[in-house]
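Undergrad: Take this structure first; my questions come after.
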2 protein chains.
Amino acid sequence: MTPNTARRNEASRRAVLTAAFDLLQEVDYAKLSIEGIAARAGVGKQTIYRWWPSKGAVLFDAFLMLSEGAGGEPPMLPDTGDLEADLVLVLRATVDELNDPRFEPPMRALSTEIAHDPELAAAYAERLDGPLREAKRQRLRSAQQAGQLAQGLDLEVAVDMIWGPVLNRWLQRTGPLTTEYTDLVVTTALNGLRPRGSSS
Amino acid sequence: MTPNTARRNEASRRAVLTAAFDLLQEVDYAKLSIEGIAARAGVGKQTIYRWWPSKGAVLFDAFLMLSEGAGGEPPMLPDTGDLEADLVLVLRATVDELNDPRFEPPMRALSTEIAHDPELAAAYAERLDGPLREAKRQRLRSAQQAGQLAQGLDLEVAVDMIWGPVLNRWLQRTGPLTTEYTDLVVTTALNGLRPRGSSS
């Protein structure tokens, strides 16, 4: 491959990924077609079929491109020493993103593709969700070392306890995603459902 | 409508709902077509288009038919007085159902339709999930009245704290749904992530 061909391929690849993301502002994911993406990107549909096995794979790569655009640094959660305040901040930012009309349709589409496609779920877990989960565990580990979290706590379950309710409410539309709700999730996860004794 | 027509319509309706459910054992939901359902049910596809606006609506009615088949009583959670044991039992049963190869494909399909369709989500919330959520809140309310849960606890958040992580792990495939996991979710939700003082 000559340098020129490589550059043209990379430009086409980016055009396809951007087109897929943009089109989801206009059409439902179920109606998004490879033909439509090709037309918007100005490439032949054979180009898309050659590089991606499915429209779910295109969408996944579009998210990868976005996360690489963020600088390539591994994600990190804020650590001010105040776990509750840090979690409140992070969950509020998550909710802003989930409610953002530019991101919501593609994120819903990716989430539901993952629900039906174990291979895509594995790629997502490894390349997109994995580094983020590690950042969440790391923040909780630091709090645990500071004695702010229970010693025997399972950090995987702890991550699910904070983010699971929010993601589930968003995806299943069981209620509005407000900062009131996420703040309450943080407090309730930290304190637990049982009454706290006066000494704690 | 004569009694005979009504009876034939009801038989056709049930044939369509059963066919949709059964076909999901064989084809992906994305590939499930109204034509395919009509052929399996032995009805014309115009019959289906007349009664349902979409295949998501067919699927929803199939679940309604199943829940009506359960006897028409409102659902209730076990209440032995031991909240932790009751929740462990219920979540284990939930996991058995989510992992059941007969139920998993249609339940994934319904969940992802809900993610993309606010109207279907509203119907689901009212007719299927609503009564179940009320049963969950009721079990927690009874524990709260017995002093086993914190007095200021928001019961909506509490329900999400127990079921949200499990449903999210299942739908997003972030890990295996085992009874080990669900048991740990129950304990962690009840105790919270923070250390418990010696008095509680």
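The values are calculated or read from the model by the stated rules, or taken from the named source; none is laboratory data. None of the values given here were measured: they were computed from a predicted structure. Methodologically, a virtual Cβ is constructed for each residue, glycine included, from the backbone with ideal geometry; neighbour enumeration extends over all protein chains shown. To get the accessible areas, we keep the full protein, side chains included, count just its heavy atoms, and leave off ligands, DNA and RNA. Shrake-Rupley method; radii C 1.70, N 1.55, O 1.52, S 1.80 Å.
Undergrad: Could you provide, to the nearest whole Å², the per residue accessible area of chain A with probe 1.4 Å?
TA: It amounts to 49 Å² per residue over chain A.
Undergrad: If I model a spin label at B:THR5 and B:ALA146 as a point 7 Å from the Cα along the Cα→Cβ vector, what separation in nanometres do I get?
TA: If labels sit at B:THR5 and B:ALA146, their model points lie 5.5 nm apart.
Undergrad: Using square roots of five times the C-alpha gyration tensor eigenvalues, list the equivalent-ellipsoid semi-axes of the stretch A:83-191 in whole Å, biggest first.
TA: 24, 18, 11
Undergrad: Answer with one residue from B:LEU120, B:MET65, B:THR188: the one whose Cα lies farthest towards the positive end of the charge dipole of the stretch B:45-200, charges on Cβ with Lys, Arg +1 and Asp, Glu -1.
TA: Result: B:LEU120, furthest along the dipole toward the positive end.
Undergrad: Working only with C-alpha atoms, what are the Rg and Dmax values of the stretch A:47-97, expressed in angstrom?
TA: Values for the stretch A:47-97 (Cα only, Rg and Dmax): 16.4, 50 Å.
Undergrad: Using a 7 Å offset from Cα along the direction of the beta-carbon, what are the separations from A:ARG14 to the same position in each other copy, nm, ascending?
TA: So the distances to the same position in the other copies read 6.1 nm.
Undergrad: Do any GluC sites (Glu not before Pro) in the stretch B:1-46 lie in a loop, going by DSSP, with at most 12 other beta-carbon atoms within 10 Å of their beta carbon, and if so which?
TA: Within the stretch B:1-46, the qualifying GluC sites (Glu not before Pro) (loop, at most 12 other Cβ atoms within 10 Å) are B:GLU26.
Undergrad: Taking every residue in B:176-185, how many Cβ atoms of other protein chains lie within 10 Å of its Cβ, on average?
TA: Mean number of neighbouring Cβ atoms from other chains: 2.
Undergrad: Let me ask another. Put +1 on the Cβ of each Lys and Arg and -1 on the Cβ of each Asp and Glu in the stretch A:83-191; which of A:LEU177, A:GLY147, A:LEU87 then has its Cα farthest toward the positive end of the dipole?
TA: Farthest towards the positive end: A:GLY147.
Undergrad: Binning every alpha carbon pair distance of the protein assembly as shown at 20 Å from zero, what are the percents per bin?
TA: For the protein assembly as shown, the pair-distance distribution reads 24, 52, 22, 2.
Undergrad: Over the stretch B:137-200, what per residue volume does the convex hull of the Cα atoms give, in whole Å³?
TA: Looking at the stretch B:137-200, the number lands at 107 Å³ per residue.
Undergrad: Please express the Cα-Cα pair-distance distribution P(r) of the stretch A:27-129 as a list of whole percents, one per 10 Å bin, running from 0 to the bin with the greatest distance.
TA: All Cα pairs, binned at 10 Å, distribute as 12, 36, 35, 12, 5, 0 percent.
Undergrad: A further question follows. What would the Debye formula give as log10 I(q)/I(0) at q = 0.12, 0.14, 0.18 Å⁻¹ for the alpha-carbon point model of chain A, no solvent?
TA: For chain A at q = 0.12, 0.14, 0.18 Å⁻¹, log10 I(q)/I(0) is -0.71, -0.90, -1.29.
Undergrad: Which whole-number percent is the relative contact order of chain A (Cα, under 8 Å, 6+ apart)?
TA: 20
Undergrad: When only DSSP loop residues count, what trypsin sites (Lys or Arg not before Pro) in the stretch B:7-107 have their Cβ near at most 12 other Cβ atoms within 10 Å?
TA: Within the stretch B:7-107, the qualifying trypsin sites (Lys or Arg not before Pro) (loop, at most 12 other Cβ atoms within 10 Å) are B:ARG102.
Undergrad: Here is a further query. Per-residue Cβ counts within 10 Å, from other chains only, averaged over B:107-120: what number is that?
TA: Shielding by partners across B:107-120 averages 4.
Undergrad: So, one more: Put a label point 7 Å from Cα along the Cβ direction on A:GLY81, then list its distances to the equivalent points in the other copies in nm, shortest first.
TA: Reported distances to equivalent positions: 4.8 nm.
Undergrad: Strictly over 30 Å apart at the Cα level, which of A:LYS55/B:LYS136; A:LYS136/B:LYS55; A:LYS31/B:LYS45 would you flag in this model?
TA: A:LYS55/B:LYS136; A:LYS136/B:LYS55
Undergrad: Then there is this: Between chains A and B, what is the buried accessible area summed over both chains (1.4 Å probe, protein heavy atoms, nearest 100 Å²)?
TA: 4400
Undergrad: Can you compute the FRET efficiency between A:THR18 and A:LEU64 using 1/(1 + (r/R0)^6), with r the Cβ-Cβ distance and R0 = 22 Å? Round to the nearest 0.05.
TA: 0.95
Undergrad: Evaluate the charge dipole of the protein assembly as shown about its Cα centre and quote only its size in Debye, nearest 20, assuming +1 on the Cβ of each Lys and Arg and -1 on the Cβ of each Asp and Glu.
TA: My answer is approximately 860 debye.
Undergrad: Tell me the Kirkwood hydrodynamic radius of the stretch A:17-78 in angstroms, computed as one over the mean inverse distance between distinct C-alpha pairs.
TA: 12.6
Undergrad: Separate question: Among the residues of chain A, which one places its Cβ closest to the rotation axis that maps chain A onto chain B, and what is that distance in whole Å?
TA: Residue of A nearest the axis onto B, distance in Å: A:GLY192, 1.
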